[in-house]
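Have a look at the structure below before the remarks.
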Amino acid sequence: MFDEILSKSIDNLLKHVNTCEVVQNCMQIREVREAAMNYYRGDRVRILGKPEWGPGLIQERNKNGKVRVVFTQAGEKTLSLDHAKLMKVVLRDPQWLAERAKMFWQRH
């Protein structure tokens, strides 16, 4: 009888430990996701599902889950981050890179 109680206790403890690990992993994923969801003035973005809008530039950072963006083809839009799927654009277009490189080398 003691062995059965001990066995059940160990099983319950293991379930609790596994649950804690899952909760901790979920919290870490949520923190990473929330960090990725921060948009700041000057960030370049694209909106998934609307490629015809072209690239956009964040004009105003998050306020109440909304962000204001100026798109090259669609103009200024205020988007809810709950609905709009924005993707940060890290790489710049080749023309912009060429201009920046030229400016840099002229100074040095």
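Looking across region 21-64, the residues that are modelled with pLDDT under 65 and of a type in the set (S, T, N, Q) come down to Q24, N25, Q28.
A Cβ distance below 6 Å, combined with a sequence gap of six or more or placement on separate chains, defines the contacts here; from region 77-92, residues that are in the same structural domain as L48 (by TED's automatic domain parsing) and modelled with pLDDT under 85 reach residues that are assigned to a strand (DSSP E or B) and of a type outside the set (V, I, T) in the pairs V89/R44; V89/R46.
The values are calculated or read from the model by the stated rules, or taken from the named source; none is laboratory data. From a predicted model like this one, the values you see are computed outputs, not experimental measurements. Backbone-built Cβ (ideal geometry, glycine too); neighbour counts: all protein chains shown.
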